[in-house]
Amino acid sequence: MEKNYEPHNFESQIYQNWLNKKYFRATINKNKKPFTIIMPPPNVTSKLHMGHAFQQTIQDIIIRRKRMQGYEALWLPGTDHAAIATESMVCKKLEKQGLTKEMLGREAFLKEVNAWYDEYKGTIIDQFKTMGYSCDWDRLAFTMDEQNNKAGRWVFVHLYKKGWIYKGKRIVNWCPHCKSSISDAEVEFKEVPSHFWHLRYQIEGTNDYLELATTRPETLLGDSAVAVNPNDERYKDLVGKNVILPLVNRPIPIVADDYVEMDFGTGVVKITPAHDPNDFEVGLRHNLEVIKILNDDATLNDKCGKYAGMTREQAREEIVKDLEKAGNLVKIEDYSHNVGHCERCKTIIEPLISSQWFVKMSEIKKPAIKVVEEDKVHFVDEQYKKTYLHWMYNLNDWCISRQLWNGHRIPIFTCQDCGEVICEMEDPTICPKCGSKHLAQEQDTLDTWFSSALWPLSTLGFPDKKEDLAYFYPTDVLVTAREIINLWVARMIFSGLEYYGDIPFRDVVINGIVKDAQGKKMSKTLGNGTDPRDVIKNYGVDILRYSLFNGISINMDSKFSEKKVELSRNFLNKVWNASKYVLMQLEGKEVKTIDKVKLNLADKWIISQVNDLIESVDRKFDKYDIGMAESELGDFFWSKFCDWYIELSKTDMSGENSEATIATLNYVLTSLLKLLHPFIPFITEKIYLELPMHEESIVISKWPEKVRNFEVEEKEMEEIMEIINAIRNARNEKNVPDNKKISIEILPLNNNKLFEISANYIKKLCIASDVKIIEKEESSTNAISLIFNDCKVFLPLESLVDSKEEKGRIEKEIEKTKFEINRSQKMLGNPGFVAKAPKNLIDAENEKLKRNTELLAKLEKELASF
RNA sequence: GGAAGUUUAGCUCAGCUGGGAGAGCAUCCGCCUUACAAGCGGAGGGUCAUAGGUUCGAGCCCUAUAACUUCCACCA
């Protein structure tokens, strides 16, 4: 093995070998249980960022352990076509050439889009491979590939025939500049200073007025009601009456609706169903007329009389003037509020009514609610179960049509001659009703989430390949982000249930966000992000992977910093060096398994510790607490294995029973490498293959299992460790530098054999020239004495010993012990505690009391000798 | 506006069904001890956000408050 840890020398080489050996390939294997993860597909044109590195590595860690545990482990990768983002990028590119998509036409435009995909496709996949991800690359999927198209078509036809797809009206975000509807995600809300215009409408048949406030007086022309809260005492009597809409002199009703907040404004709202999403909803509930008053470019249309042709800004000005003249304007207040802007052109968007396609949700959502309520689909973080259910209970019909060209075109054809609507698996060429060949397909495409919702099904071959589906589906765990619980997770659940009759996954893990060192979200515009590609370049993949998880909970947001990368580098370097040491010890020796040798005390201790570790790490893994599992492994490796065991083993290595130590070193290192492998796959493989006993690759090696514990020896070793700590402490207190050896005398009071066995451990770790086991106490005037329950330790430090100081030290020990005794006595004297506390706690407390009482006696006797 | 999360050492975070406040980094002291100075040994450092409550016992459970973060909605 090379002297220094140089990850770049072997990481990519090792990965290539894994690919060649097809370790990540998963096929139906009746002798194994499957374990499946479907990757949430990253945008096909994206580049690796910290969010990917974090989320995908979580999955790699999970799947690698399962593979080692003997499951047929499938991690199925894929990419997303990201319709909106791509369409907007391609449009921008065209714009630079002075073109628009309309100038190209649909077909040519889609060619451009595909060229764009081809150009960027693969970058993100290559970067995932660099990260060491153990995906079955043969199954790489794309949300626009054939299987997905087919699944989408199947589902659409299925829903259509069931009568669950329909065309309806809805308010969309309309950009008057782009002359297109845009999705909610493309709307930027910005705080804009404006006014609150207080208006008064005359109540029909009276001289009374109703006062209301609005930020958009120009939409008054499209008003079809005013609304108040049904519980509002001020207006209760007016509900059902009419007011006269000023300027147009049209009577409109006063309706009662919960949407209105009593203590906002005057508690009265004008309702414009055609130009406000909330008003539209109110309109539906009260069956109100929908009056569209705007053209596509946001000028007022011909229904607006003298205002027709004005822009919305001009109209606002004119209408306010006219209202003032007519005596309907009460006052103008300053008011600033959020206004939606087009992300691309920054124009203020206009909510407009238009025709859209919908999926009826009332039936399809029912089983999806049930499986989560019953935890058949289990959100590992309970809080998200609430998020999900809250959304599902209030779920309205799903608008699936988008006015984009990129994406899955809605497979509905209308006969231009007889009006017959056709929706089948194959594109029709003639009308089945009238035989006409004049068929027109819908222009709109489907919401990206429509196909994403089928991801676990389509990637496994739905609706065709029933075998893979039967074996790998339902998948085991979904790892995804908080903000798409409703958009994606929910839709996969009802889709799986409706189209295949089973849940798509059993566990849902929602991962946190990786933020910068200050706790700010990493963003391109802020430029505060760390690029994982830079970390890989400078430190290697394992170090990046390790740094992402050390000491964090994956469900919470974490902070990433260069500092953490350095700490990780230090750890991996430690792993390298410790392994190098172990390999040196094993070289040229016959290495036996630990059940074939007579183990030393330290060997038994570390073996017990490793077995506890395996249990604990497994427990954490099973709770998806992988950040904590990593930290525990790191701590164990560094402190228990390196600082304690390797140091202790050095004394046994030079003894006659070194074969046990060799066996133990081999066993412990092998186990630790395997446990660490899911986190840091490359370095562990590199070292593993150097070990004398190894399988073909650590990737397919067997995950460690608990073998045996040595309870007695574990306790004994820990007692010795406690003594070692106390001696080291005394050395430092007396300022004895580490380059000066001391001599140590031990007077056993109990278990004499233990001290004979351990003398060399103490000698080595306390930097002693010799450790003498004595039978009788000698004069202690020139020695420091340390009192334990089972022994006394003397450090004859001659001139450094000050009998006054020694007396003080013993007195301090006595104080401490008395305090402990007092504490125990108080607790045990408390009738409430004795009556209510669990028995094991009371027993433990009694035991402590006993030991401390004995210790106190010894200490007091020691003090008396001064 | 609605909901959720966080608040523990100077920093980053652990702390299991309530039962003596932990780790790493940083700081200070001492060491080139034959795997590792990117290292080894040791030490100091905390009113567990605040105020109440439940309990024999609260970092943990309940109530309120504050600050920060996130998600959803976008409100006349």
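Would you confirm, using the coordinates I've provided, whether residue A:357 is of a type in the set (Phe, Trp, Tyr), more than 13 Å from RNA strand B (Cβ to nearest atom), within 30 Å of residue A:299 (Cβ to Cβ) and not in a strand (DSSP E or B)?
Numbers: of a type in the set (Phe, Trp, Tyr): yes; more than 13 Å from RNA strand B (Cβ to nearest atom): yes; within 30 Å of residue A:299 (Cβ to Cβ): yes; not in a strand (DSSP E or B): no.
The answer is no for residue A:357.
For the list (1) crowded, with 18+ Cβ neighbours inside 10 Å; (2) under 21 Å from residue A:55 (Cβ atoms), I need the number of the one condition that residue A:557 fails.
Among (1) crowded, with 18+ Cβ neighbours inside 10 Å; (2) under 21 Å from residue A:55 (Cβ atoms), residue A:557 violates only (1).
For residue A:452, state whether it is in contact (Cβ under 8 Å) with a residue 60 or more places away in the chain, touching a Gly at 6+ places or on another chain (Cβ under 8 Å) and of a type outside the set (A, V, I, L, M, F, W, C).
On the way: in contact (Cβ under 8 Å) with a residue 60 or more places away in the chain: yes; touching a Gly at 6+ places or on another chain (Cβ under 8 Å): no; of a type outside the set (A, V, I, L, M, F, W, C): yes.
In short, no.
If you check A:862, A:815, A:820, which single one turns out to be away from RNA strand B (no atom under 14 Å from the Cβ) and at pLDDT below 90? Spell out how you get there, then give the answer.
Details: A:815 fails: away from RNA strand B (no atom under 14 Å from the Cβ); A:820 fails: away from RNA strand B (no atom under 14 Å from the Cβ).
Result: A:862 is the single residue among A:862, A:815, A:820 that is away from RNA strand B (no atom under 14 Å from the Cβ) and at pLDDT below 90.
Are there any pairs with C-beta distances below 8 angstrom linking a residue in the range A:373-387 that is at pLDDT 90 or above to a residue that is part of a strand (DSSP E or B) and open to solvent by 60 Å² or more (accessible area, probe 1.4 Å), with the two at least 6 apart or on different chains, and if so which?
A:376/A:506; A:377/A:506; A:378/A:506
Does at least one position in the range A:834-854 carry a residue that is closer than 24 Å to residue A:735 by Cβ, out of contact with any helix residue (DSSP H, G or I) (no Cβ under 8 Å at 6 or more places or on another chain) and either within 11 Å of RNA strand B (Cβ to nearest atom) or open to solvent by less than 70 Å² (accessible area, probe 1.4 Å) (or both)? Steps first, answer last, please.
Of the residues in the range A:834-854, the ones closer than 24 Å to residue A:735 by Cβ are none.
No - not one qualifying residue is present in the range A:834-854.
Please go through the range A:282-291 and pick out each residue that is open to solvent by less than 60 Å² (accessible area, probe 1.4 Å) and either near RNA strand B (Cβ under 10 Å from one of its atoms) or of a type in the set (D, E, K, R) (or both).
Residue satisfying the conditions is A:282 alone.
In the set A:745, A:756, which member is part of a helix (DSSP H, G or I) and away from RNA strand B (no atom under 16 Å from the Cβ)?
A:756
Restricting to the range A:613-626, and then to whatever is within 12 Å of RNA strand B (Cβ to nearest atom) and either surrounded by fewer than 16 Cβ atoms within 10 Å (Cβ to Cβ) or modelled with pLDDT of 95 or more (or both), can you tell me which residue is farthest from residue A:382 (Cα to Cα)?
Start the filter on the range A:613-626 by keeping residues that are within 12 Å of RNA strand B (Cβ to nearest atom), which leaves A:615-616, A:619-620, A:623, A:625.
Checking the rest, the ones that are also either surrounded by fewer than 16 Cβ atoms within 10 Å (Cβ to Cβ) or modelled with pLDDT of 95 or more (or both) come to A:615-616, A:619, A:623.
Details: A:615: 25, A:616: 23, A:619: 18, A:623: 13 Å.
Selected residue: A:615.
Within the range A:725-779, count every residue that is touching a Pro at 6+ places or on another chain (Cβ under 8 Å), crowded, with 17+ Cβ neighbours inside 10 Å and not aliphatic (A, V, I, L, M).
Number of matching residues: 2.
Looking at (1) open to solvent by less than 80 Å² (accessible area, probe 1.4 Å); (2) in contact (Cβ under 8 Å) with a residue 12 or more places away in the chain; (3) more than 51 Å from the chain's Cα centre (by Cα), which is the only condition residue A:807 fails?
The single condition residue A:807 does not satisfy is (1).
Could you please find all residues in the range A:780-792 being surrounded by 18 or more Cβ atoms within 10 Å (Cβ to Cβ) and within 16 Å of RNA strand B (Cβ to nearest atom)?
A:784, A:786 - these are the residues of the range A:780-792 that are surrounded by 18 or more Cβ atoms within 10 Å (Cβ to Cβ) and within 16 Å of RNA strand B (Cβ to nearest atom).
Give, as residue ranges, the helices (runs of 4 or more DSSP H) completely inside the range A:480-554 that count at least 1 residues that are more than 9 Å from RNA strand B (Cβ to nearest atom) and free of Cβ contacts under 8 Å to residues at least 24 places away in the same chain.
Helices (runs of 4 or more DSSP H) meeting the threshold: A:532-539, A:541-549.
Would you confirm whether any residue within the range A:214-226 is free of Cβ contacts under 8 Å to residues at least 60 places away in the same chain and open to solvent by 20 Å² or more (accessible area, probe 1.4 Å)?
No, the conditions are met nowhere in the range A:214-226.
Identify, please: which residue in the range A:382-412 is among the charged types (D, E, K, R) and farther than 26 Å from residue A:168 by Cα and is, among those, nearest to RNA strand B (Cβ to nearest atom)?
Step one: filter the range A:382-412 for residues among the charged types (D, E, K, R), giving A:382, A:385-386, A:397, A:402, A:409.
Still in the list and also farther than 26 Å from residue A:168 by Cα: A:382, A:385-386.
Numbers: A:382: 8, A:385: 11, A:386: 6 Å.
Checking each candidate, the answer is A:386.
Looking at this structure, is residue A:159 within 23 Å of residue A:500 (Cβ to Cβ) and either in contact with an Asp or Glu (Cβ under 9 Å, 6 or more places away or on another chain) or within 16 Å of RNA strand B (Cβ to nearest atom) (or both)?
yes
Return only the number of the condition from (1) among the acidic types (Asp, Glu); (2) away from RNA strand B (no atom under 13 Å from the Cβ); (3) open to solvent by less than 80 Å² (accessible area, probe 1.4 Å); (4) farther than 21 Å from residue A:449 by Cβ that residue A:204 does not satisfy.
Condition (3) is where residue A:204 drops out.
Taking residue A:567 as the residue in question, decide whether it is surrounded by fewer than 19 Cβ atoms within 10 Å (Cβ to Cβ), of a type in the set (A, V, I, L, M) and more than 8 Å from RNA strand B (Cβ to nearest atom). Break it down into steps so the answer makes sense when it comes.
Numbers: surrounded by fewer than 19 Cβ atoms within 10 Å (Cβ to Cβ): yes; of a type in the set (A, V, I, L, M): yes; more than 8 Å from RNA strand B (Cβ to nearest atom): no.
Answer is no for this residue.
For the range A:231-281: of the residues being polar (S, T, N, Q) and open to solvent by less than 80 Å² (accessible area, probe 1.4 Å), which is nearest to RNA strand B (Cβ to nearest atom)?
First, pick out the residues of the range A:231-281 that are polar (S, T, N, Q): A:231, A:242, A:249, A:266, A:272, A:278.
Restricting the remaining residues to those that are open to solvent by less than 80 Å² (accessible area, probe 1.4 Å) gives A:242, A:266, A:272, A:278.
Working: A:242: 18, A:266: 7, A:272: 8, A:278: 6 Å.
Ranking the candidates gives A:278 first.
Would you confirm whether any residue within the range A:329-338 is assigned to a loop (DSSP other than H, G, I, E, B), open to solvent by less than 60 Å² (accessible area, probe 1.4 Å) and either more than 20 Å from residue A:192 (Cα to Cα) or within 15 Å of RNA strand B (Cβ to nearest atom) (or both)?
Filtering the range A:329-338 down to residues assigned to a loop (DSSP other than H, G, I, E, B) leaves none.
Checking the range A:329-338: not a single residue is assigned to a loop (DSSP other than H, G, I, E, B), open to solvent by less than 60 Å² (accessible area, probe 1.4 Å) and either more than 20 Å from residue A:192 (Cα to Cα) or within 15 Å of RNA strand B (Cβ to nearest atom) (or both).
The values are calculated or read from the model by the stated rules, or taken from the named source; none is laboratory data. What you see is a predicted model; the values in this text were computed from it and never measured. With ideal geometry, Cβ positions are generated from the backbone for all residues, glycine too; neighbour counts draw on all protein chains shown. Surface areas here come from the heavy atoms of the whole protein model, side chains and all, with no ligands, DNA or RNA. Shrake-Rupley method; radii C 1.70, N 1.55, O 1.52, S 1.80 Å.
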